[in-house]
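Below is one structure, written out as structure tokens, with a few remarks after it.
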Amino acid sequence: MAILPESFKAYQYQSGIDRICEAYRASANTMTAAMAEATRAHSEYEYGGPEDEVHDEDGILLWSVSSSLAQDEMAALQAAVVVREAFVTSAFHYWERSARTWTGLHGRRDFFPQLLAESVKKYPVSPELANLNLLNNMLKHNSGSINPDLVAARPDYFFTMFPSSKGSSPASSRLHLTHDHVEEAFETIRASGPNLAR
């Protein structure tokens, strides 16, 4: 079997992350357009749509165009969140599969620390890769618990819905990934493997 030159390995690796990035950007553009359309439709209705609420005999609102449009707006926003999270996970898994190939570590006990330790012997690795691993694990396991190490290292990944005040219990953080966070994840993966510039 012929040994592939490093330049080909770099081309193959970088091309793979390019394809994931292009797929994300196409999805993000579609999600942005859907959110803009849902927001526009809701705003236009709020500022000039006819009253068309349906109430039961006790006066409780059962349905309205306004609440339906607000729900569409929320669904578009949630879809964008899901797409961002899915592509962060895809990018990290791309690195993980690639690292298994170039390190030869395929065992059941070969986790991120082992892959990282062997990868740095072969290729440069972004200092953000460890944080991306923590983020990926949080997304993958969907446990609802927040890793305090990740909050400390990357507070920009999170927001606090209700800040704590004196004497109240500590505020809980919620994950909030932006488009820029996803783009940064791609750059972290690009910088953590074979590169044509080497």
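The values are calculated or read from the model by the stated rules, or taken from the named source; none is laboratory data. Fair warning: this is a prediction, and the values are worked out from it, not measured in the lab. As a convention, Cβ positions derive from the backbone with ideal geometry for all residues, glycine included, and neighbour counts pool all protein chains shown.
VAL81 - would you say it is buried (at least 18 other Cβ atoms within 10 Å of the Cβ), of a type in the set (A, V, I, L, M) and not in a loop (DSSP other than H, G, I, E, B)? Spelling it out, it is not the case that VAL81 is buried (at least 18 other Cβ atoms within 10 Å of the Cβ), of a type in the set (A, V, I, L, M) and not in a loop (DSSP other than H, G, I, E, B). Of the residues making up the stretch 41-51, those that are surrounded by 12 or more Cβ atoms within 10 Å (Cβ to Cβ) and of a type outside the set (S, T, N, Q) are ALA41, HIS42, TYR45, GLU46, GLY49. In the stretch 50-73, the residue that is nearest to THR39 (Cα to Cα) out of those that are of a type in the set (A, V, I, L, M, F, W, C) and free of Cβ contacts under 8 Å to residues at least 12 places away in the same chain is TRP63. Answer yes if at least one residue in the stretch 33-49 is assigned to a helix (DSSP H, G or I), over 24 Å from the mean Cα position of the chain (by Cα) and among the polar types (S, T, N, Q), and no otherwise. Looking through the stretch 33-49, at least one residue is assigned to a helix (DSSP H, G or I), over 24 Å from the mean Cα position of the chain (by Cα) and among the polar types (S, T, N, Q).
For residues that are outside any loop (DSSP other than H, G, I, E, B) and surrounded by 11 or more Cβ atoms within 10 Å (Cβ to Cβ), tally how many sit in the stretch 52-62. The number of residues fulfilling the criteria is 2. Taking the options PHE162, PHE158, name whichever one is at pLDDT 80 or above, over 17 Å from VAL120 (Cα atoms), out of contact with any Pro (no Cβ under 6 Å at 6 or more places or on another chain) and among the aromatic types (Phe, Trp, Tyr). Of the residues listed, the single one that is at pLDDT 80 or above, over 17 Å from VAL120 (Cα atoms), out of contact with any Pro (no Cβ under 6 Å at 6 or more places or on another chain) and among the aromatic types (Phe, Trp, Tyr) is PHE158. Does ARG100 count as free of Cβ contacts under 8 Å to residues at least 40 places away in the same chain and of a type in the set (Lys, Arg)? The answer is yes for ARG100. Residues that are outside any helix (DSSP H, G or I) and either crowded, with 18+ Cβ neighbours inside 10 Å or touching a Leu at 6+ places or on another chain (Cβ under 9 Å) (or both) within the stretch 84-110 comprise just one, LEU105.
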